[in-house]
Amino acid sequence: MPLSTQSQREDEQYVLIANLDNARNLSNILKAITCKDHAIFTATANGLKVTAEDCKCMQANAFIQADIFQEFTLKEDSVVFQINLTVLLDCLNIFGGSSVGGSTALRMCYRGYGHPLTLFLEEGGVVTVCKINTHEPEEPIDFEFSSSNVTNKVILQSESLKEAFSELDMTSEVLQITMSPNQPYFRLSTFGNSGNAHYDYSKDSDMMELFQCNKTQTNRYKMSLLKPSTKALAISCKVSVRTDSRGVLSLQYLVRNDDGQICFVEYFCCPDEEVEEE
C-alpha cells in the first residue's frame, strides 16, 4: 500500500501517526457526534477521544481505542488540538465513502502545536493529501459525571430505543425521562403537536439488559440538544442510559465498526427543568 512507504525521516517529524485500512471506521463514528462544526481531538496512549459541544449544555464524545488503528504512534503523553469536524469528514469521504469492493485507507499525521492535521487517503492506487488547519483547543466542559454519583441506570438494546423515537412526537420541545424502581420503571414522554405521548419499558422487558434504579427521577431535556444523539443511536447496538443525583443525563452508545471492533460514543446533557412528582 503506497501509504506505508513514507520514509522514516518523514515519520520522525510527527508527534502523532494513526493508520486505518478503512477510513469509514473513523468517519462513521465522527458523524455520530457532529453537533457543531468544531471538535477537540485528544490523543493519548489509549487512543483518540473526540469531543463536540453545544451551548455548554450538551457534550458528545467519541472514543476510538488505539488497537482499532493498524498503527497508532504517539510521541508525547497527550496531544490536543481543535479542528473543523465538517471539513475533516468531507476529507475522509473524498472518494465517496461507499466504494464497492474496496475501502479508503487513511494515514493521519500531526507534527504538533500550530501545524495542520495531514491526511493521506488512498483508494485503488490513488493517493490524496489533505491538510486541515488546527486551532488552540477550548477547555471542554467538565460535567463532573461520576459513576459513584449515578442514581439510575438502564442498558437497552438500541433497536428498542429506535422504535421508541419513531413513535414519540419529535415536535416536542423536550424529552421527559422517568426512571424509577417502581412502575412505570423507565418511561419516555413527549409533549408535541399531536398531544402527549409516553413509551414505557418494563424492567423485565427482553430489550432491557440491565435495570438499576434506586429512586424515582423525572427530568426534562431539550429535544434540540438530544437530536444529534440519534445519529449515534442509528449505528449502535446497545445504549446505556444513566442519570446522576443532579439529573445530568449520560447516553453511552456501543458501536461496532465495519470490522466488528467496538467503539463508544457518549453524550452528556444537562436537564432543562426538574419535574415535581405528583
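The values are calculated or read from the model by the stated rules, or taken from the named source; none is laboratory data. What you are looking at is a predicted structure, and each value in this text was computed from that prediction instead of being measured. Don't worry about glycine lacking a Cβ; one is built from the backbone with ideal geometry, like all the others, and counts go over all protein chains shown. For the accessible areas, the whole protein counts, side chains as well, though only heavy atoms, and no ligand, DNA or RNA atoms are used. Shrake-Rupley method; radii C 1.70, N 1.55, O 1.52, S 1.80 Å.
In a simple Cβ point-charge model (Lys, Arg +1; Asp, Glu -1; nothing else charged), the chain has a dipole of about 280 debye relative to its Cα centre.
Straight-line cross-link partners of Lys238 among the aspartates and glutamates, defined as a Cα under 20 Å from its Cα and at least 8 positions apart when in the same chain: Glu159, Glu163, Glu167, Asp200, Asp204, Asp206, Glu209, Asp258, Asp259, Glu266. Note on surface exposure: Asp54, Asp90 rank Asp90, Asp54 by accessible area, highest first, 1.4 Å probe. For the chain, the longest principal axis of the Cα atoms and the long axis of helix 158-167 meet at an angle of about 60 degrees. Loop-located trypsin sites (Lys or Arg not before Pro) in the range 179-278 (DSSP state not H, G, I, E or B) with no more than 15 neighbouring Cβ atoms inside 10 Å: Lys215, Arg246.
Applying the criteria of a DSSP loop state and at most 14 other Cβ atoms within 10 Å to the GluC sites (Glu not before Pro) of the range 24-88 yields Glu76.
Pairs exceeding 24 Å between alpha-carbon atoms, taken from Lys162/Lys227; Lys56/Lys131; Lys131/Lys227: Lys56/Lys131; Lys131/Lys227. In the complete set of protein chains, residue-level accessible area for Glu209 is approximately 90 Å², probe 1.4 angstrom.
Note on Ala234 and Lys131: the extension gain reaches 34.1 nm, defined as 0.36 nm multiplied by sequence separation minus the Cα-Cα distance. To the nearest 10, the accessible area of Ser236 is 10 Å² with a 1.4 Å probe. Counting only heavy atoms of the protein chains and using a 1.4 Å probe, Cys91 has close to 20 Å² of accessible surface. In the list (i) 15.8; (ii) 19.1; (iii) 13.2, the label attached to mean projected area of the Cα convex hull in nm² as derived from the coordinates here is (i). For the pair Asn196 and Arg111 in one chain, pulling the backbone fully straight at 0.36 nm per residue adds 25.2 nm over the alpha carbon distance. Here the contact order of the range 187-278, divided by its residue count and restricted to Cα pairs under 8 Å and six or more residues apart, works out to 24 percent. Taking all protein chains together, Met58, Met170 sort by accessible area into Met170, Met58, largest first [probe 1.4 Å]. Summary value for the chain: 19 percent relative contact order, contacts being C-alpha pairs under 8 angstrom separated by 6+ residues. Considering only Thr216, Tyr14, Ser158, the residue lying farthest towards the positive end of the dipole of the chain is Tyr14, judged by Cα position with unit charges set on Cβ.
Taking 0.36 nm per residue of separation and subtracting the current Cα-Cα distance, fully stretching the chain between Thr216 and Glu167 would add 15.2 nm.
From its DSSP helices (H runs of at least four residues, each -39,500 (n - 2.57)), the chain gives a residue-normalised ellipticity at 222 nm of -4000 deg cm²/dmol. Projecting the Cα positions of Phe191, Thr73, Asn46 onto the charge dipole of the chain (unit charges on Cβ atoms of Lys, Arg, Asp and Glu, taken about the Cα centre) puts Thr73 furthest along the positive direction.
Placing +1 on each Lys and Arg Cβ and -1 on each Asp and Glu Cβ, with no other charges, gives the range 61-112 a dipole about its Cα centre of roughly 140 debye.
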